[in-house]
Amino acid sequence: MAEIVARRLVYDGWYKFWRLEVMLPDGMVVERHLLDNGQAVAVLPYDAVRRVCMLVSQPRAAVLAAGEAPLLEAIAGNLDAMAPEARIREEALEEGGLRLGPLEPVANIWPIPPVSTERVMLYLGEYSLADRVAEGGGADGEFEHICVHEVSLDALRAMALAGDLTDAKTLVLAQALLLRRPELWG
């Protein structure tokens with residue numbers, strides 16, 4: 001079994017960045033890097049009656065650095081020491097202006113385990129037009145510049161099948177919705 005034998009904090013800001021020395025099972029010690037960005041939650045809200053889902057887009061540094069257009073993403077946020085269901089309800093209201101009903105757990109995934117401590121708890125959440133209680137766009141003072149998109153479920157399926165959902169959590173959630181609620185596509 002491998003083990004961490006030394007760690008040095010390189011950066012302590014929005015996230016923490018560590019330089020690690022890892023001893024491999026054969027005794028060799030190698031350098032690795034670790035981004036400590038905590039735990040997160042994400043939800044794919046969908047309206048079964050209107051046959052739409054809600055996705056968001058916002059400026060993301062990595063996507064900008066790659067010169068790509070903003071991603072369509074499921075609503076998500078860091079736990080910030082809150083209970084997962086409470087946190088994702090708060091994020092849904094902040095980002096999408098949505099009041100969510102019951103949540104359906106999907107998975108607790110490691111998006112990028114080679115370099116990040118982040119685990120993302122994924123949920124599906126049904127909503128209706130009456131649950132759109134605010135504009136969304138993000139929390140005041142967080143400077144997220146979130147755009148809210150209601151996307152038809154047919155378009156969501158087409159994007160998933162074509163490989164056009166490039167955000168991992170969103171792709172997993174779209175696939176979960178396709179598998180768990182096939183009647184939404186008749």
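The values are calculated or read from the model by the stated rules, or taken from the named source; none is laboratory data. These figures come from a predicted structure and were not determined experimentally. Here the Cβ is made from the backbone with ideal geometry for all residues, glycine too, and neighbour counts use every protein chain on show.
Taking segment 145-178 as the range and being among the β-branched types (Val, Ile, Thr) and either over 24 Å from Asn78 (Cβ atoms) or not assigned by TED's automatic domain parsing to the domain that holds Leu122 (or both) as the test, only Val151 passes. For Gly138, state whether it is of a type in the set (Gly, Ala, Ser), surrounded by 12 or more Cβ atoms within 10 Å (Cβ to Cβ) and closer than 28 Å to Phe17 by Cα. Answer is yes for this residue. Considering every residue within segment 132-144, establish whether at least one is at pLDDT 95 or above and either touching a Leu at 6+ places or on another chain (Cβ under 9 Å) or assigned by TED's automatic domain parsing to the domain that holds Phe17 (or both). No, segment 132-144 has no match at all.
When Ala61, Ala76 are screened for being crowded, with 17+ Cβ neighbours inside 10 Å and within 17 Å of Ser116 (Cβ to Cβ), only Ala76 passes. Scanning segment 141-157 for residues that are of a type in the set (Asp, Glu) and in a loop (DSSP other than H, G, I, E, B), we see that the one that is surrounded by the most Cβ atoms within 10 Å (Cβ to Cβ) is Glu144.
I'd like to know if segment 87-109 contains one or more residues that are among the acidic types (Asp, Glu), closer than 24 Å to Leu35 by Cα, buried (at least 20 other Cβ atoms within 10 Å of the Cβ) and touching a Gly at 6+ places or on another chain (Cβ under 9 Å).
Yes; the residues of segment 87-109 include at least one that is among the acidic types (Asp, Glu), closer than 24 Å to Leu35 by Cα, buried (at least 20 other Cβ atoms within 10 Å of the Cβ) and touching a Gly at 6+ places or on another chain (Cβ under 9 Å).
The strands (runs of 3 or more DSSP E) falling completely within segment 1-81 that include 1 or more residues that are of a type outside the set (Val, Ile, Thr) and more than 30 Å from Tyr123 (Cα to Cα) map to 3-12, 16-23, 29-36. For segment 12-66, a tally of residues being over 24 Å from Glu90 (Cα atoms) and not acidic (Asp, Glu) returns 22. Among the numbered conditions (1) assigned to a helix (DSSP H, G or I); (2) touching a residue at least 60 places away in the same chain (Cβ under 8 Å), the only one that Ala130 does not meet is (2).
Taken together, Ala160, Ala174 contain a single residue that is surrounded by fewer than 21 Cβ atoms within 10 Å (Cβ to Cβ) and assigned to a helix (DSSP H, G or I), which is Ala160.
Being without any contact (Cβ under 8 Å) to a residue 12 or more places away in the chain and either among the aliphatic types (A, V, I, L, M) or touching a helix residue (DSSP H, G or I) at 6+ places or on another chain (Cβ under 8 Å) (or both) is a condition met by no residue of segment 88-111.
Among the residues of segment 82-125, the ones that are farther than 30 Å from Ile4 by Cβ, of a type in the set (A, V, I, L, M) and not in a strand (DSSP E or B) come to 5 in all.
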